[in-house]
Amino acid sequence: MSTLSLRIQLEGGRVTKTIQFHPNTTVFDACKIIRDKFAEAVQGQPSEYGLFISDEQNQQGVWLENGRTLGYYILHNQDTLEYRRKLRTLRVRMLDGAVKTILVDDSQPVSQLMVVICTKIGITNHEEYGLVREDTESQNENLPDNKFGTLTLRRKFTEKDRDAKMESLRKKLKTDDINWVDVGKTLREQGIDESETVLLRRRFFFSDQNIDSRDPVQLNLLYVQARDTILDGTHPVTQEKACEFAGIQVHIQFGPHNEAKHKPGFLDLKDFLPQSYVRVKNIEKKVFAEHKKHVDLSEIDAKVLYTKTARELPTYGVTFFLVKEKMSGKNKLVPRLLGVTKDSVLRLDERTKEILVSWPLTTVRRWGASPNTFTLDFGDYANQYYSVQTTEAEQIVQLIAGYIDIILKKKQTKDHFGIEGDEGSTMVEESVAPSKATFLQHETNKIGKITTDSFAHQGMMRADDGEKSYTQGELQTVQYGAFVGQVNHAHQPPTTRFQSFTNLRKYALVL
């Protein structure tokens, strides 16, 4: 097999050399050869460097995997590869406006980076969060004026993909039109460089009900996201409920009620009430009346109360998609809201967001997605498919698959520890002398009598220098995944392959 002549460029293009490689050379070995040929490349830890192929504009590109051969990437003679450092900085903006700069591995997909990012911030359930590409204008805004810091870059669609009426309705209903960073690709593949700031935001509402004052980091993020979605109208609330939320928010931002200070005219109401209630007569007095009720609460307890109250809203935790469905008895498509939660798929009224139909995820047998349609098959639970016309089928599939993935991971964790639905169990550790053995076992929350026993049974334990026996086994783990099928025609029974997850019914108790 002939050799492959590649132009190797050091980071920044300061040095370029042509080196010959065998096509079967692995990327790992190629990096070793480069370090031998380039005196300038001998710096830092070898594991921190790799080979990178950039596009013509040098904005996007692909990292070569160490285990792959050069021939795998279909390289040609005189192609240019860059030998560069994998570590880079990433600017992450929190919902409260704070910006953190985190060192990440640029060669890893975003799904792996989320573990690092969330760990640095103090978040344990990284799989429920995502990164959003922010609007350029919002990045340049002065933070004091941009209090909420939640402006995001919306997905770009051509005029043929959307009509003006649907676009207007979509903005009014605040559907999920957010430009989420693809977790399956690297930052560089998506053109995200060191100068860009991304927004950290909760995407999946699965374990948020467990967040309280003991987790102030996630509590603050959840409070800000709930507050912003209530104020912008994502979650419809009555005037009474809006004043209740506003009263708690005033307490969080300004402390306990002060008769001398907190009078009508003190608040900028658009920062505390949905737009539809800002001009209501005497509304500020009602807000302060609610404010007085929380005089004994601390700031963190007020955030707990706010998020707890928000969870009681019918639309809390719902991600909305504006779709078109066929009108019953007529060959006409009409707007409709489709919602996805941690345990169900919803059909909602497009004007009031009232829930019309709720399908538990455990009843969904298969789904299908194409560029213009999304279809659900409920198997024996329904007589026909539910099919809608939408350009966001892929986003709907990603959300449903994401929730299922989280459910299966939680189930896998419980199976690993041998717990069956006992989330309140605790781990007990006991050290036993003289052999210093450690016993790990689960203790469930049941009341019983303490029993004592002796460990000095023949053959059970030996002295420190004695003979010890052991057995070897294998832990069988749950395999899971998600694949997207395809539907050829809107509003007709699909004829092509669907994704099936009938086994999900086994895990209904996890929900």
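The values are calculated or read from the model by the stated rules, or taken from the named source; none is laboratory data. Since we're looking at a predicted model, the values are computed, not measured. Glycine also receives a Cβ, built like all others from the backbone with ideal geometry; neighbour counts cover every protein chain displayed. Quick note on the areas: whole protein, heavy atoms, side chains included, nothing else; ligands and nucleic acids left out. Shrake-Rupley method; radii C 1.70, N 1.55, O 1.52, S 1.80 Å.
Between D182 and D215, what FRET efficiency comes out of the Förster formula 1/(1 + (r/R0)^6) with R0 = 30 Å and r the beta carbon distance, rounded to 0.05? Kindly include the intermediate steps, with their values, before the conclusion.
Working: r = 28 Å, r/R0 = 0.93.
About 0.60, to the nearest 0.05.
Any of K120/K353; K86/K174; K172/K330 with alpha carbons more than 32 Å apart? Name them for me. Intermediate values should be presented prior to the final figure.
On the way: K120/K353 37 Å; K86/K174 38 Å; K172/K330 27 Å.
Cα-Cα > 32 Å for K120/K353; K86/K174; rest within.
At 0.36 nm per residue, minus the direct Cα-Cα distance, what do M327 and T119 gain on full extension? Give it in nm, one decimal, please. Provide the component values of the computation, followed by the final result.
On the way: separation 208, 0.36 × 208 = 74.88 nm, distance 4.80 nm.
Extra length available between M327 and T119 comes to 70.1 nm.
For Y386, Y72, Y83, what's the largest-to-smallest order of accessible area, 1.4 Å probe?
Values: Y386 30, Y72 120, Y83 5 Å².
The ordering from most to least exposed comes out as Y72, Y386, Y83.
Between beta-carbons, use under 12 Å as the cut-off and find the net charge around V278, counting Lys and Arg +1, Asp and Glu -1. If you can, show how the numbers build up before the last one.
Numbers: positive: K270, R279, K281; negative: D268, D271, E284.
Taking every Cβ under 12 Å from that of V278, the sum is 0.
Can you bin region 169-248 into rounded, prolate or oblate? Criterion: square roots of the alpha carbon gyration tensor eigenvalues sorted a ≥ b ≥ c, rounded for a/c under 1.5, prolate for a/b above b/c, oblate for the rest. Each step should come with its number before you reach the end.
On the way: a/c = 2.55, a/b = 1.52, b/c = 1.67.
It is oblate, given that a/c is not under 1.5 and a/b is not larger than b/c.
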Item to complete: Quick one: grab the alpha carbon gyration tensor of region 292-399, order the square roots of its eigenvalues as a ≥ b ≥ c, and give me rounded if a/c is under 1.5, else prolate or oblate depending on whether a/b is larger than b/c.
Response: prolate
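Which of the residue pairs K293/K342; K171/K326; K32/K185; K270/K332; K270/K293; K324/K410 have a Cα-Cα distance greater than 29 Å in the structure shown?
Working: K293/K342 33 Å; K171/K326 22 Å; K32/K185 26 Å; K270/K332 39 Å; K270/K293 22 Å; K324/K410 34 Å.
Exceeds cut-off: K293/K342; K270/K332; K324/K410.
Checking the a/c ratio against 1.5 first, then a/b against b/c, what shape does the Cα gyration tensor give for region 1-112?
Working: a/c = 2.19, a/b = 1.95, b/c = 1.12.
Prolate shape, in that a/c is at least 1.5 and a/b is the bigger ratio.
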Practice prompt. Order the following by accessible area, largest value first: D268, D177. Probe radius 1.4 Å; ligands, DNA and RNA are ignored.
Written response: D268, D177
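Given R₀ = 30 Å, what would the calculated FRET efficiency be for Y72 paired with Q45, taking r from the Cβ atoms and rounding to 0.05?
Working: r = 25 Å, r/R0 = 0.83.
After rounding to 0.05, the efficiency reads 0.75.
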Worksheet item: Could you state the number of Å between the C-alpha centres of region 336-367 and region 49-90?
Response: 43
Worksheet entry | Nearest-10 value in Å² for the accessible area of E259, using the 1.4 Å probe | 110
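For E354, what is the net charge nearby, where nearby means another residue's Cβ is under 14 Å from its Cβ and Lys, Arg count +1, Asp, Glu -1? Intermediate results must be reported in sequence, preceding the final value.
Values: positive: R336, R347, R351, K353; negative: D349, E350.
Every neighbour counted, the sum reads +2.
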Worksheet, complete the sentence: Each label sits 7 Å from Cα toward the beta-carbon; between T80 and R35 the label points are separated, in nm, by 2.5
Fill in: Virtual spin-label span in nm between M166 and V334, 7 Å along Cα→Cβ
1.7
